[in-house]
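Student: The structure follows.
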Amino acid sequence: MSPSPASIPPAPADAGAPLYLERNYLNARRGLWSWLTTLDHKRIGVMYLVLTSAALFLGGIFAMLLRIELLTPGPTIMSALAYNRTFTLHGVVMIFLFMIPAIPGIFGNFFLPLMIGARDVAFPRLNLLSVYLYLTGAAIALYGMIHGGADTGWTFYTPYSTTTVTMVWPILLGAFVLGMGSIVTGLNFIVTVHTLRAPGIGFMRMPLFVWALYATSIIQVLATPVLGITLLLVAVENVFGFGIFDPARGGDPVLFQHMFWFYSHPAVYIMILPAMGAITEVLSAFARKNTFGYRAVAFSSLGIAFVGFFTWGHHLFTSGQSTVDAGIFGVLSMFVGIFTAIKIFNWTATLYRGSIAIRTPFIYVIAFLFFLLFGGMTGIALATVALDVHWQDTYFVVAHFHFIMVGGTVAGFLAALTYWWPKMFGKSYSERWGIVGATLIFLGFNFTFIPQFLLGNEGMPRRYYSYPVRFWPLNVASTAGASVLALGFLVVLATLLLSLKYGKPAGPNPWGSRGYEWKTLSPPPEGNFLTQPTYPRMPHDYDDLNPGRGGH
Amino acid sequence: MPAAESHVAHHFPDLEVQSHAARLGMWLFLATEVLLFGGLFTAYALYRMLYPSAFHGASRLIETSMGALNTVVLITSSLTVALAFHYSRQSRNRLAALLLVATIGLGFVFLGVKAVEYAHHFREGHLPGRFYRYAGLQVPGASMFFTVYFLMTGLHGIHVIIGMGVLTWLAVGAWRGSYGGDYTTPIELGGMYWHLVDLIWIFLFPLLYLI
Amino acid sequence: MSAETEHKHAGPGRYVAVWIALLLFTALTVALGRSHLAGSWGLPVALAIAVVKSTLVVLFFMHLWDHGGANRLVLATALVFVALLIGLVLLDSATRFPLADPPTEATMRLMPPGPGAPPGVEPAAARP
Amino acid sequence: MNELMRRMLFLPEQGSAYARQVDRLHYFVISMTMVGFVGVAATVLWFVIRYRRRAEGEPTPTIEPRPIHEVLFVGGPLALFLVWFAIGYPLYVRLQTPPRDAMDVYVMGKKWMWKFAYPGGPNDMDDLHVPAGRPVRLLITSRDVIHSFYMPAFRLKQDAVPGRYAETWFQADKPGRYEIFCAEYCGLGHSAMLGTLVVMEPEKFDAWMTEARRSPAVAAAQDTPDAAANPVATLARQGRNLAVEYGCMKCHSVDGTRHIGPSWLDLYLRKEPLEGGGTVVADEGYLTESMMDPGAKVVKGFAPVMPTFQGRIPGPEVAAIVEFIKTLRTDAVHPAPTPGRAYEPVPGFDPTRSR
C-alpha cells in the first residue's frame, strides 16, 4: 500500500533524482558524539522527535492512570495525594515537555530552513543549546517527579503553590529552563526568517508553515519571559517567603493569575499555531491545490499571535476580576475566534475542486478540522461570559482544551509526522496500518472527550479525586474511550518504527507535493541541497498540471 | 578583508547579513529581558496603586543620594562601553580593552554602593515579606515595598554581574586583538546588553528612590 | 573601513554629548524629586524624564538611530506588550468591587465583620 | 422545550430565574455551535467525496479568493460571536450586581469545608440556609488557599480568595436542597469539600434564624432533619470541624495517605506497632491519650513531633474528634458524613453504615 512513485508525476526538480540518498544527513557522520555535538538543524529536529515523543508517552501513561482512577466514584487505584501529583505531572509533562516544544522543535527545526532554501538556521549553536536546555529542564523536573512531585496542578496557583509541602521548586525551575529553550528556538526562527530566505522567496511567498512558525516565535519570545519571572517569584516565595503573592502581607494572589495567564494563554497558540501551519501544508498537498486565500491565512497567524496576547483575562471571569476587565477580555476573545474561523473557511475552500487523495496524513487533517471546529466553537461559547461562570473549572473546560490540544495539536503533529516521515527518513510506512492508527485515534478521542463536555454541563468540577455517583456513567465512558485512544497511539508508533527497518524507499517526493521542502532529496544531504533549488512559483502551485497551462 | 571573511559562518552569504542577524537576535533577546522585568514592573505598579502612602513612606527609608550616585555610575559606564565599541571599530584594540576594563570597574563601584545600601537595610530591618521588622513604619504594604525593592534591585544586580562577566571576556578578546575593523559584533552585542542594564536602572531609580 | 560605515557611526563626540545630557537629566529628576515641586505630578514627571533618558540611550548608545527596521519594531512591540500587561492589570484592580481588592489603605475601613477578616484588620462598616 | 434541552445537555436542575436565563443562552449558543459545526463538517465531507482523486495526475484549477470571500469569512462569524457576547455579558453583569435589598451571608472556604456566617446570627458549617424567594448576597472569602464556591443548580460560581471578599448573589425559587462544590483545586480534600444549600420557606427560615440567634449551638444541631434521631452523626460532624479548626489535618490525612502523622482512615480499632516494641489498639482511650500526651506511645515509623493538646481542647471536643475518627472508614467515600446529603449514595458504599 506504499505510495508508488511511478504513478505520480514527479515535480520537475525530481527528475533523475535517486530514490534514496545513500549518503545523507543521518549517516554522513557517525557515532553518538557526532549527534550530541551536531549543529545540523535536521539532526536537532530528529533529537527533538525522540525526546518529545518520549515525553508524550510519559504524559500518556499519567493520563491513563488518571482515567483508571476516575473509573469509580471513590478511591480506585491510588490515594488523593497520588492523584493530585499525577494530574500535575500529566499537565506539566504534556504542556512543557511535549506540546510547546514538539512541532517547532521537530518540524520547525527540520523544515524551516528547507522551506526557505537556507542551509541552516541563523544560530546553529543556539539551536543545539535549546536541546540541552530542554534536557536540563526535563532532568530538573524529573528530579522533582522522582522525589514525589508537586501537587499544585500545572497552573501553580498561589497561595496553594507557595504553601504546599510537596516538591514544587524543581518543577518550577524545570519549567523556567524549558522556557529558556523555547525562547532560544523562537528567537532563532525569527532571525532565520528575516535574514536567510533564498533569492526568490519574499515574505509573501513563504510557505504557510513558515508563517505559522514565525507567528509562534513572536509569542515564544514575548510571552515566555513573563512566565519565567512569574515562576521565579513563586519559587522565591515558596522557598524564602517574600510575600509577593501572600494575602497576609498585602499581596494579591490574583496578580499571579494575571501574570501566569499572560504567558499561558498565548502558550495555547504556541501549541496550536504550528499545528495549523502544518495542516495547511498537508491539506494543500493532498488536495493538490494552492492554498485558498494565502494572504488571509498568513495574516491570520499573525493576528492570532497578537490578539491572543490580550485575551488572558477570560481565565479569570470567576476569580473576582472586575466586570470592566471581563468585558474587555470577553470581546477580545471573540476576535481570536475570528482568525481561527478565517483559517477554517479557507481550508475548506481549498478542498473545492481539488484532487483529494485520502491518505493517512489527510485523515489527520479531517480529524484536525473536526476537532478544531468543535473545540474552537466551544471556546467561543466559553468566552460568552455568563456561560463561563457555570463552566469555569469544570470538565467542560477540560474537554474544550483537550479538543484544541489533543484534537488540534496532536492531530496536527501526527499529520505532520506522517506527511514528512518519508522526507525525514526516506522510508514509506504501511499505509494500511497508518489508516488504522488514525481511525482509532479519531474514534477514541471522541469517546474520551465528548462525555467530558456533558460532565461539565452536569457540573463536575475538574481535579476531582472522588465524585458524587451521578457523574459515574459518563466517567466510565470517558475511560473506555481513553483506552481506545491509547491503543491508537501504540499502533501509530509501531507502524512508524517498523517502517524504518522494513519500509521501501519513498523517493524524493512520494506525495507529488509542491511544497518547497520537497525540492531536495530524501533523506536530505548534510548541507540540505546538492544544488541550490530555484523558486519560480508560489508554494503548492499545481497550475502546470492543467493541460492548458502546461510548462512552468 | 580576508581576516573578517573567516568570521562568516557557512550558511550566511556575507558578513553584513551575519551582523544584521546577530543584531536582530540580540534585540529579540533584549525584548525578552524587557518583558522579564515587565512582570516585576507590573507587580510594582499594582502594589503602588493599592498602597500609595505606604510606598511613599517606605521610599523615604532608602537613601536618594546613593541611588543618584549609582545612576551616574551606570550612565558613565554606558559611555565607556559605547566608546569601547567605537575604538574597536577603528581597530584601536588596546584602548577598547582599557575602556571595557573601566566599565567593569564602574560595575564594581555600582555593586559596592548597592552592598552598602543592602547592609543598611539588613541592619534596620527594612526587609521583604515576613522578614520585615522595622518598627518605624508599620502599615500594610510597607513590607511589600521592600519585597518589590529587593526583587527588582536583586534581579537587576544579577544582570549587572552577568554583564560584568561578559565584558571581562570581551576585554580579554579585545586586548588579544580578536575583534576590530569590520568584525566588532561581539563587542556591539555585549555593549547592548550593558546598555539594557543601564536602561532598566534609569526606570528603577525614580520608581524606587524618588516617589 | 569603508566611508559608509564611518558615516553611520559618528565619532566619540556624539557619545559624550549624550552622556552629558543624561547626567543633566539625572540632576533634574533628583532636584525635582527632592524639592517636591511637581506635587502630585511627581511620578509622571519623573517617569517622563526617565523615558527621555532611555530614549537617548536606545537611540545613540544602542544605535537604534542607525539600525532601524525590524530592530525598532521588536523593541516597540515589547514595550507595547508591557504597557498593556500593566494597563489591564491596573484597570482590573481599579474597577473592582472594592472589597475584592486586597485590604488596602482605601478599603480597610469597609471590611465587614465576620469570619475571614485578614489578620490585623479591624473591621468597621458592614456594607460599602 | 426547556426541559428537553436541559436533559439533552445533561444540565442540572434550575434553581433560580437566573439559571433559566443562562440556560436559554446556553441552548442558543450550543444550537448555533452545532449548526456551524455540522455546516462546515458537511461541506468538508462533501468536498472530500465529490473531489476525491479519481486518477493520478488529475489537473486542478488554481483558485484565488475575491475580497468578498474573505469579508464573508470574517463578517459572518464576527456578527454571530458578537451577538453571543452581547447577550452573555449583561447576564454576567447582572450576576455581579446584587440588588440593594439582598440578605448578606458571609461565606468562608477553608481546607476543606465551607463556613457560613449570618450578620448578628449563627455560624454554620457546610449547610447554607436561605429563604426561598428572597435575594441573598454572598460575600465570599477564604482562610487559606483559593477555593471556588460553586452551585451548579444556580449556574453560579465565585472564587474564594484569601484576604478579601468577592460578592455574588442568587434568589432561590422554592424550598429544596442543592449541591455546593469547591471548583478551584485546593488540595487533598478538594473533591470532598462539599456543602449543601438548604432553601427554606421564608417563615421557617425566619423561625430558624430567631432560634439560631438565641442559641447558635442548638441551631447548628437542629438544622438537620435527622439530627435528633442520630446525635452521633452531629457529634462526628462537629469533630470534623474541630479537627480542621485545631490544625489536625496539617499532619493527619483522612484518605489513607501517609503524612507527618498516621492517617486517620481506618485508624479506629487498628492494631498499631509502637516505636520501641509492642502494639496498641487504637481505641477511644488511645486516641484521647495521643492528643493529651502524644509522646507516650508513638506509632512505629513516625517521628515524635506532635505537640500536646492538653488544656487546649476541652473534653467534649476531644470526644467529638474521636467520634469523627471513628467514622473514617475505607468504605466511606467522603471523609465525613454529610447529614441530609444532596447526593445519591454510592451503591455498596453507604457512609451511614459506619455511624
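The values are calculated or read from the model by the stated rules, or taken from the named source; none is laboratory data. This one's a predicted model, so the numbers in the text were calculated from it and none came from an experiment. Positions of Cβ are generated from backbone atoms using ideal geometry, with glycine treated the same way; all protein chains shown enter the neighbour counts. Quick note on the areas: whole protein, heavy atoms, side chains included, nothing else; ligands and nucleic acids left out. Shrake-Rupley method; radii C 1.70, N 1.55, O 1.52, S 1.80 Å.
Student: I need the phi-derived Karplus couplings for the stretch D:171-183: 6.51 cos²θ - 1.76 cosθ + 1.60, θ = phi - 60°, integer Hz, Gly and Pro marked x.
Tutor: 9, 6, 6, 9, x, x, 10, 9, 6, 10, 10, 9, 9
Student: Sticking with this structure for a sec: State the dimensionless ratio Rg/Rh of the protein assembly as shown (Rg: radius of gyration of Cα atoms; Rh: Kirkwood radius).
Tutor: Working: Rg = 32.4 Å, Rh = 32.9 Å.
That ratio is 0.99, to two decimals.
Student: Express in % the proportion of alpha carbon pairs of the stretch D:103-215 at distances exceeding 21 Å.
Tutor: Values: 1869 of 6328 pairs.
In whole percent, the share of Cα-Cα pairs in the stretch D:103-215 beyond 21 Å is 30.
Student: If you don't mind, another one. If you count only protein heavy atoms with a 1.4 Å probe, what accessible area per residue comes out for the protein assembly as shown, rounded to a whole Å²? Working shown, then result.
Tutor: Numbers: 43280 Å² over 1246 residues.
Per-residue value: 35 Å².
Student: Net charge near B:PRO206, counting Lys/Arg +1 and Asp/Glu -1 over other residues with Cβ under 15 Å of its Cβ? Don't skip to the end; give the middle numbers.
Tutor: Details: positive: B:ARG48, B:ARG60, C:ARG34, C:LYS53; negative: B:GLU63, B:ASP198.
Neighbourhood net charge equals +2.
Student: Let me ask something else. Between the helical axis of D:17-50 and the dominant principal axis of chain D, each derived from Cα atoms, what acute angle in degrees is found, rounded to the nearest 10?
Tutor: Rounded to the nearest ten degrees, it is 50.
Student: Given the options B:VAL34, B:VAL17, B:VAL197, state which has the largest fluctuation in a GNM of chain B using a 10 Å cut-off (strictly under) for Cα springs.
Tutor: B:VAL17
Student: Then there is this: Would you list which aspartates and glutamates come within 13 Å of A:LYS519, measuring only between C-alpha atoms, while excluding same-chain residues fewer than 8 positions from it?
Tutor: A:ASP14
Student: Let me ask another. How would B:TYR118, C:TYR15 rank on accessible area, largest to smallest, probe 1.4 Å?
Tutor: Working: B:TYR118 55, C:TYR15 10 Å².
Most to least solvent-accessible, the answer reads B:TYR118, C:TYR15.
Student: Moving on to the next point. Summing both sides, how much accessible area is buried between C and D? Use a 1.4 Å probe and give Å² to the nearest 100. Show your work: numbers first, answer last.
Tutor: Values: alone 9650 and 19800 Å², together 28120 Å².
Interface area, both chains combined: 1300 Å², rounded to the nearest 100.
Student: Can I ask one more? Report, in degrees rounded to the nearest 10, the 0 to 90 angle that the Cα long axis of helix D:67-96 makes with the longest principal axis of chain D.
Tutor: It works out to around 30 degrees.
Student: Hey, in the GNM for chain D with a 10 angstrom Cα cutoff, which one of D:GLY133, D:GLY109, D:GLY311 fluctuates hardest?
Tutor: The residue that fluctuates most here is D:GLY311.
Student: Long-range amide H contacts for D:TRP169: which residues qualify at under 5 Å (H placed 1.01 Å from N, peptide plane, sequence gap of 5 or more or a different chain)?
Tutor: The answer is D:LEU138.
Student: Which of D:LYS157/D:LYS326; A:LYS423/A:LYS504; D:LYS110/D:LYS297; D:LYS111/D:LYS204 have a Cα-Cα distance over 23 Å? Spell out each step's value before the answer.
Tutor: Values: D:LYS157/D:LYS326 34 Å; A:LYS423/A:LYS504 13 Å; D:LYS110/D:LYS297 31 Å; D:LYS111/D:LYS204 31 Å.
Violating the 23 Å Cα-Cα cut-off are D:LYS157/D:LYS326; D:LYS110/D:LYS297; D:LYS111/D:LYS204.
Student: Now, a different point. Peptide A:138-150: average number of partner chain Cβ atoms within 10 Å per residue?
Tutor: Working: counts 0, 0, 0, 0, 0, 0, 0, 0, 0, 0, 0, 0, 0.
The per-residue average across the peptide is 0.
Student: Which of the lysines could be linked to B:LYS114 by a straight reach, that is with a Cα gap under 25 Å, when you skip same-chain ones fewer than 8 residues away?
Tutor: C:LYS53
Student: Mind grabbing the accessible area of A:ILE77 for me, 1.4 Å probe, Å², rounded to tens?
Tutor: Accessible area of A:ILE77: about 90 Å².
Student: Here's another thing I want to ask about it. When only Cα pairs under 8 Å and 6 or more residues apart are kept, what is the percent relative contact order across chain D? Mind showing how you got there, number by number?
Tutor: Values: 544 pairs, mean separation 44.2, N = 355.
Averaging sequence separation for qualifying contacts and normalising by length gives 12 percent for chain D.
Student: Calculate how many DSSP beta bridges within the protein assembly as shown are antiparallel, expressed in % of all such bridges and rounded to the nearest 5. Could the numbers behind the result be given before it?
Tutor: Numbers: 32 of 46 bridges.
Taking every DSSP beta bridge within the protein assembly as shown, about 70 percent pair in antiparallel fashion.
Student: If you don't mind, there's one more thing I want to ask. Under a 5 Å amide H to amide H cut-off, with H placed in plane at 1.01 Å, what residues pair with D:VAL145 once short-range neighbours are removed?
Tutor: The list, which skips near neighbours in sequence, is D:LYS111.
Student: Not counting ligands, DNA or RNA, and with a 1.4 Å probe, what is A:HIS194's accessible surface area in Å² rounded to the nearest 10?
Tutor: Accessible surface of A:HIS194 is approximately 50 Å².
Student: On to the next question. Using a Gaussian network model on chain B with a 10 Å cutoff between Cα atoms, which of B:VAL101, B:VAL81, B:VAL116 fluctuates the most?
Tutor: B:VAL116
Student: Could I ask something else about it? Would you list the P(r) distribution for the stretch A:203-263, with all Cα-Cα distances sorted into 5 Å bins from 0 and each bin expressed as a whole %?
Tutor: 4, 16, 19, 16, 11, 9, 7, 6, 5, 4, 1, 0
Student: With every protein chain kept in the model, how would you rank D:ARG177, B:ARG130 by accessible area, 1.4 Å probe, largest at the top?
Tutor: On the way: D:ARG177 80, B:ARG130 125 Å².
From most accessible down to least: B:ARG130, D:ARG177.
Student: Averaged across the residues of A:279-292, what count of C-beta atoms belonging to other chains lies within 10 Å of each residue's C-beta? If you can, show how the numbers build up before the last one.
Tutor: Values: counts 0, 0, 0, 0, 0, 0, 0, 2, 5, 6, 5, 5, 0, 7.
What the average comes to for A:279-292 is 2.
Student: In whole Hz, what ³J(HN,Hα) sequence does the stretch A:26-32 give by Karplus (6.51, -1.76, 1.60; θ = phi - 60°), x for Gly and Pro?
Tutor: Those phi angles translate into 6, 10, 5, 10, 10, x, 4 Hz.
Student: To continue, here is another question. Buried accessible area for the B:A pair, summed, 1.4 Å probe, in Å² rounded to 100?
Tutor: Working: alone 10810 and 21150 Å², together 29250 Å².
Heavy-atom accessible area buried at this interface is about 2700 Å².
Student: Report, in whole Å, the centroid distance computed from the Cα atoms of the stretch B:21-48 and the stretch A:88-163.
Tutor: The stretch B:21-48 and the stretch A:88-163 have Cα centres spaced 21 Å from each other.
Student: Alpha carbon centre of the stretch C:44-92 versus the stretch D:164-192: separation in Å?
Tutor: 45
Student: Before rounding to the nearest 500, sum -39500 (n - 2.57) across all DSSP H runs of length at least 4 in the protein assembly as shown and divide by the residue total; then give [θ] at 222 nm in deg cm²/dmol. List each step's numbers first, then the result.
Tutor: Values: 37 runs with 695 residues, N = 1246.
So the calculated ellipticity at 222 nm is -19000 deg cm²/dmol.
Student: Which percentage, to the nearest 5, of the DSSP beta bridges contained in the stretch D:99-192 is antiparallel? Intermediate results must be reported in sequence, preceding the final value.
Tutor: On the way: 20 of 28 bridges.
Of those bridges, close to 70 percent are antiparallel.
Student: So how do A:HIS315, B:HIS10 rank on accessible area, 1.4 Å probe, biggest first, that is with the largest at the start? Mind dumping the intermediate values first?
Tutor: Numbers: A:HIS315 40, B:HIS10 135 Å².
Listed by decreasing accessible area, they come as B:HIS10, A:HIS315.
Student: What part of the accessible area of the protein assembly as shown, given as a whole %, is carbon or sulfur when the probe is 1.4 angstrom?
Tutor: On the way: 28980 of 43280 Å².
Answer for the protein assembly as shown: carbon and sulfur cover 67 percent of the accessible area.
Student: Now, a different point. Order the peptides B:54-67, A:290-303 from the highest to the lowest mean number of other Cβ atoms within 10 Å of their residues. All intermediate terms of the calculation are to be shown ahead of the outcome.
Tutor: Values: B:54-67: 17.4, A:290-303: 21.9.
The packing order, highest mean first, is A:290-303, B:54-67.
Student: Could you state how much accessible area D:ARG237 has, in square angstrom rounded to the nearest 10, with a 1.4 Å probe and all protein chains kept in place?
Tutor: That residue has around 20 Å² of solvent-accessible surface.
Student: While we're here: If I fit a long axis through the Cα atoms of helix D:202-214 and take the longest principal axis of the Cα atoms of chain D, what angle between them do I get, 0 to 90°, rounded to 10?
Tutor: Helix D:202-214 and the main axis of chain D meet at about 30 degrees.
Student: Between A and D, buried accessible area summed over both sides at probe 1.4 Å, in Å² to the nearest 100? Kindly include the intermediate steps, with their values, before the conclusion.
Tutor: Working: alone 21150 and 19800 Å², together 32610 Å².
So the buried area, both faces added, is about 8300 Å².
Student: Take the alpha carbon atoms of the stretch B:155-205, find their center, do the same for the stretch A:194-248, and report the distance between the two centers in whole angstrom.
Tutor: Using only Cα atoms, the two centres lie 23 Å from each other.
Student: Just to check I understand the Karplus step: with θ = phi - 60° and J = 6.51 cos²θ - 1.76 cosθ + 1.60, what whole-Hz values come out for the stretch A:382-387, glycine and proline as x?
Tutor: Result, ordered by residue: 5, 6, 6, 3, 5, 5 Hz.
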